[in-house]
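A.B. asks: Let me give you the structure first, and then I'll get to my questions.
The values are calculated or read from the model by the stated rules, or taken from the named source; none is laboratory data. This is a predicted model, so every value here is computed, not measured. Using ideal geometry, Cβ is built from the backbone for each residue, glycine included, and neighbour counts are taken over all protein chains shown. All accessible areas refer to the heavy atoms of the entire protein, side chains included, with ligands and DNA or RNA removed. Shrake-Rupley method; radii C 1.70, N 1.55, O 1.52, S 1.80 Å.
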Amino acid sequence: MMRILLFLLLFAFSLATEETVEVEGVISDCTTKSDTSCYECVTTPQSTYFGKVVISTPCRWCPATQGCHAYRSLYDSCPSPIHTADVKDTDYASYVCEAAKYPHIASDFSNVDIDALEQWVIQYLDNFKGAKHRFPTYEGTGDTGVYEVEDKVKIAVASDWGSGTIESKAVASLMAKHSASHTIHMGDVYYEALSSEIKTQVFGASPNDYQEGVEFPRGKDGTWFLNANHEMLSLGNGYFDVLLPKGGLTGSEGQKTSYFSLENSNWKVIGLDTGYNSYATFKHIEAINELKETDSHMEDSVVEWLNNTVRIGEACEEG
C-alpha cells in the first residue's frame, strides 16, 4: 500500500511539473527501442498526452537489463534507470551511457531527479524499522584500537566515496597510484550501506551481467572504514557486519569497531564514529527517523577510549 501511494504521489508530481513541448523527429513509445543502444534510447522522446512530447521525459535505459522503456512503465521495473533531462542534450547522453557501466550515475543521488527520489524513499521505507546494530567496543577483544605506523607514512583518505559511480572509480584509481600504506574511507556508502551495496560499491563485485563493481583501494598495511549517517539509515547492519570484517590491518581478522588511532612519534590520526547517533528514533516505534538529525554525539565508550587509551588530553598538552 505504501508503495502504491508513493507511485501516485510521484506521478502527480511529474504531471504538475512537466512542460509539453513539440519536438522534431521520431516520436517513440520506447518499447520500439527495446533492442537499441543506451544512447539511442535516452535521446528518444516518448509519446505522451494527446500526441505531444514532454521534452523532460525521454525514454529510460535500464543498465541492469540493457533494455529501453517508458517513464513510469508498469511493465518494466528498473531500480536505477538512466535518462537525460532533455532528449537534445547529446553530451549528457554520452556521459550517462558511459557512466552506466557502473552501479550508479551521480544523478541517482539527487533530490530533484524523480527516479532518484523514488528510489531513496523506497529504500528508506524498506530498511528503517528495527533496533540499531549493537555498538561494538574494544572490550574483551584483546585489542586497544591504537596502531603504530612508521614515522614516514602515506595515508590516502576519501569520504562520500561509496557511490558506485564512474567518478568514484576515477578517485579510486588516483588513490591507488599513490600506493598508500593506509587508506581510510570516512563514510557514506549509498544509498544506505546495504550488504548488496557494500559488495558492489566497495568490494568491487559486479551487480549483474552488464555492469562492473567499484572497489575501494586497499592500503599496503591497512584499510579502514568509518561510520556515517548513510550507514545508519539501514541501522548500521551492513556497516558493522559486512564492511568492518574486511577492514583493519592487512592480514588481521578485520576492523574491530568504528573508531581507531594510527600513531607515530609525530602524529595521531584518529578515526571517530560520528554517524552512529546521527539520527533520532521515533517515539512509538523502533525505527530511524531520517527527517530528524541530532548533534551526533559520540558513545560514552568512545569518549572513555579517547581519554584513557589514546590519552588525547596528554597529547594536546605536549603539543
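A.B. asks: Pick from 143, 115: which is buried (at least 17 other Cβ atoms within 10 Å of the Cβ), closer than 30 Å to residue 251 by Cα and in contact (Cβ under 8 Å) with a residue 40 or more places away in the chain?
C.D. replies: Going through 143, 115 in turn, just one is buried (at least 17 other Cβ atoms within 10 Å of the Cβ), closer than 30 Å to residue 251 by Cα and in contact (Cβ under 8 Å) with a residue 40 or more places away in the chain: 143.
A.B. asks: Next up: Checking residue 101 against (1) closer than 22 Å to residue 191 by Cα; (2) at pLDDT 85 or above; (3) surrounded by 16 or more Cβ atoms within 10 Å (Cβ to Cβ): exactly one of these is not met. Which one?
C.D. replies: The one condition residue 101 does not meet is (3).
A.B. asks: Which strands (runs of 3 or more DSSP E) does region 247-306 wholly contain that include 2 or more residues that are open to solvent by less than 80 Å² (accessible area, probe 1.4 Å) and in contact (Cβ under 8 Å) with a residue 60 or more places away in the chain?
C.D. replies: Result: 260-263, 268-271, 288-293.
A.B. asks: Of all residues being out of contact with any Lys or Arg (no Cβ under 9 Å at 6 or more places or on another chain) and open to solvent by 60 Å² or more (accessible area, probe 1.4 Å) in region 178-210, which is farthest from residue 238 (Cα to Cα)? Just the residue, please.
C.D. replies: 209
A.B. asks: Only one of (1) out of contact with any strand residue (DSSP E or B) (no Cβ under 7 Å at 6 or more places or on another chain); (2) under 24 Å from residue 176 (Cα atoms); (3) part of a loop (DSSP other than H, G, I, E, B) is not met by residue 218, so which one is it?
C.D. replies: Evaluating residue 218 over (1) out of contact with any strand residue (DSSP E or B) (no Cβ under 7 Å at 6 or more places or on another chain); (2) under 24 Å from residue 176 (Cα atoms); (3) part of a loop (DSSP other than H, G, I, E, B) leaves (1) as the failure.
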